[in-house]
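Working notes, beginning with the structure itself.
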Amino acid sequence: MTARAGVPGETLTRGGSGERGDGPARVSVPGETRAGAISGEPTGPADEVPFPLSLWAEAVYSRRAIPAGLATGAPVPGRPDVDPAPRAPGPRHLLAAPPLHLEPLRRTPASLADPEVLAALLHYSYGLLQHDLTPGGWPHHRAVASARCRYPGELTLVTPTAAFRYDPMHHQLALLTPPMTDHQQLNPGDSRFVVITTNFAPTAQLYGDYAPRLCAQEAGMLLGAVHLVAAALGLRTRAGQDRETLLDLCAARPPTAEGEHAMGYLEILPSVERPAARSWPPPDLASVLRARHSGAALFDPVPAPAPRALLADLDVALADAPFSDFTCHLAVQRVIGSAPGHYLHDGIRLRRTSTGDPLPLLESIGQTEGRVSVNFRSTACTAYIAVRRGAAVAAHGADAFRRLHLVAGAVAHLLCVVAARHGLSARVHNGYDATSAERLLGPAADEETVLFQVAIGAARPTAAFRLPVLF
Ligand SMILES: Cc1cc2nc3c(=O)[nH]c(=O)nc-3n(C[C@H](O)[C@H](O)[C@H](O)COP(=O)(O)O)c2cc1C
């Protein structure tokens, strides 16, 4: 791994060249406190602290943790060769075929005891939706975006007596806790919680020490996906970050992979009648999710204006996010009926804060080692999702990293889905400078951190050939 250039505003607090080989140079970011110094922070073996405080500087601010060989796709030397989609052991529970449309399933009361609802929730939250036959491409694409399609997240349904792991590749559930009773009697339809865990290994094989950042981002996106699909099915869920509850839910079953980390959960609540006429979730969410994509290898969309309804949809979708403590900055360039400028969603509503062409701002923030990361000259708009890091670190110590990525990740997935609804591609792209983003977008200095950059635009036709997957 190579040393990365220091980022303006960062201060070296321990001598060192910044080379990863001789131990990471310790840098401080605004509001950061040394690991171990904060009450409430997990202590114990390293494995219990998967997100040390140094990650803010190493992965978010400097991206120093990214290995030099990543551009070539070469595995990081010394990392074990892992199967990116290991088959969970345990008796299998066959799921119903996922329905092509979700709307007819909105029965009252909606329930996971309905096999079609159960199958739809799992498939459209994290299922295998597309098969890309392009030689040399990444063949498997699921309902949620994942950096280089490594899909480190795992979904587990937890009933009062058992836990079932979703296997998206086979559209099945694996029973994780074979109890003394006949497993035929155990029913995933009794699930009270959906638990999200992450397994660093497949992502770390390519991204090395940067993997925890991506895994935390993707856990949030997965949480947002379950929340959204559940709502479309008429199920009510309450997303949770609480560490104690999470660990209790995971304690009931053994981890299936070495170093699997608990990330978040959703509690399934009794369903309530929702108004039939609504704009969000989209009535045809299944088709929208099948069409969702991140664009070509280099994100270079057609410079076509996005439909007028894009911003109205973002307004309602983000107000329906599982957590509200975020700020989404939207740099709007070309959306029919909306002036170019800076818009802001505060978790409640979207409003314009200034007008003017945001291109110079985008090209300053959206850089990877001095090069502009995507073609912002043709994007329709770009979102930056910010969270209150200072307050969260003060309250939760190192665990703030996991919690805040859940909040921001859920919003990022909603942005991708809204884009897909309007025939656009949305690209989560980590090639941005968090310090510049804070300075130029104007969130409270030393307090907010930008955790996601999502560029949206009209996809250009590519050589890729993706087939829909039907089980
Ligand atoms: C957390 C996260 C970070 C990503 N970072 C980058 C990035 O830095 N550069 C890039 O070109 N693509 C990035 N991507 C895009 C993924 O590679 C893309 O989502 C993946 O190829 C899957 O494509 P699909 O969403 O069309 O199925 C990122 C995706 C995620 C979820």
Could you give the dipole magnitude of the chain about its Cα centre, charging the beta-carbon of Lys and Arg +1 and that of Asp and Glu -1, in debye to the nearest 20?
1000 debye
If each K or R counts +1 and each D or E counts -1, the residues other than Leu269 whose Cβ falls under 10 Å of its Cβ total +2
Nearest-0.05 FRET efficiency for Phe471 and Thr177, computed from C-beta distance (R0 25 Å):
0.50
Cα-centre dipole for the stretch 331-471 with unit charges at Cβ (Lys and Arg positive, Asp and Glu negative), debye to 20
540 debye
Probe 1.4 Å, all chains present, heavy atoms only: Asp81 accessible area in Å², nearest 10, is 140 Å²
Have a look at Tyr61, Tyr166, Gly136 and report the one farthest towards the positive end of the charge dipole of the chain, computed about the Cα centre with Cβ charges (Lys/Arg +1, Asp/Glu -1).
Gly136
In the chain, whole DSSP H helices that both stretch 30 Å or further along their axis by alpha carbon positions and average at least 1.0 on the Kyte-Doolittle scale are 211-232, 400-421
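Please report the carbon-and-sulfur percent of the accessible area for the chain; probe 1.4 Å, protein heavy atoms only, DNA, RNA and ligands left out.
Here carbon and sulfur together make up 56 percent of the probe-accessible area.
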Kirkwood hydrodynamic radius for the stretch 229-328: how many Å is it when counted over pairs of different Cα atoms?
17.3 Å
Over the stretch 287-356, volume per residue of the alpha carbon convex hull, in Å³
124 Å³
What spacing in nm lies between the two simple spin-label points modelled at Ala464 and Asp248, each 7 Å away from Cα in the Cβ direction?
4.2 nm
Here the averaged projected area of the stretch 285-457, based on the convex hull of its alpha-carbon atoms and given in nm², is 9.5 nm²
Tell me the per residue accessible area of the stretch 285-457 using a 1.4 Å probe; a whole number in Å² is fine.
32 Å²
Values of log10 I(q)/I(0), in the order q = 0.09, 0.10, 0.13 Å⁻¹, for the chain under a Debye, Cα-only, solvent-free model:
-0.57, -0.71, -1.26
I need the calculated FRET efficiency for the pair Glu447 and Asp132, taking r as the beta carbon distance and R₀ as 30 Å, to the nearest 0.05.
0.15
For a bin width of 10 Å, list the pair-distance distribution of the stretch 186-269 built from all Cα-Cα distances, rounded to whole %.
17, 44, 32, 7
Can you sort Ser191, Ser324 by solvent-accessible area, 1.4 Å probe, largest first?
Ser324, Ser191
Taking only the alpha-carbon positions of the stretch 107-181 as identical scatterers, the Debye log10 I(q)/I(0) at q = 0.15, 0.22 Å⁻¹ comes out as -0.62, -1.04
Using the heavy atoms of the protein chains and a 1.4 angstrom probe, tell me the accessible area per residue for the stretch 92-269 in square angstrom.
35 Å²
Using the Karplus equation 6.51 cos²θ - 1.76 cosθ + 1.60 (θ = phi - 60°), what ³J(HN,Hα) coupling, rounded to whole Hz, does each residue of the stretch 71-76 give in order, writing x for Gly and Pro?
4, 7, x, 6, x, 6
log10 I(q)/I(0) for the stretch 92-269, Debye formula on C-alpha points only (no solvent), q = 0.12, 0.16, 0.19 Å⁻¹, two decimals, reads -0.54, -0.97, -1.35
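The values are calculated or read from the model by the stated rules, or taken from the named source; none is laboratory data. Since the model is a prediction, treat every value here as computed from it, not as a measurement. Here the Cβ is made from the backbone with ideal geometry for all residues, glycine too, and neighbour counts use every protein chain on show. In case anyone asks, the SASA skips ligands and DNA or RNA and just uses the protein heavy atoms, side chains included. Shrake-Rupley method; radii C 1.70, N 1.55, O 1.52, S 1.80 Å.
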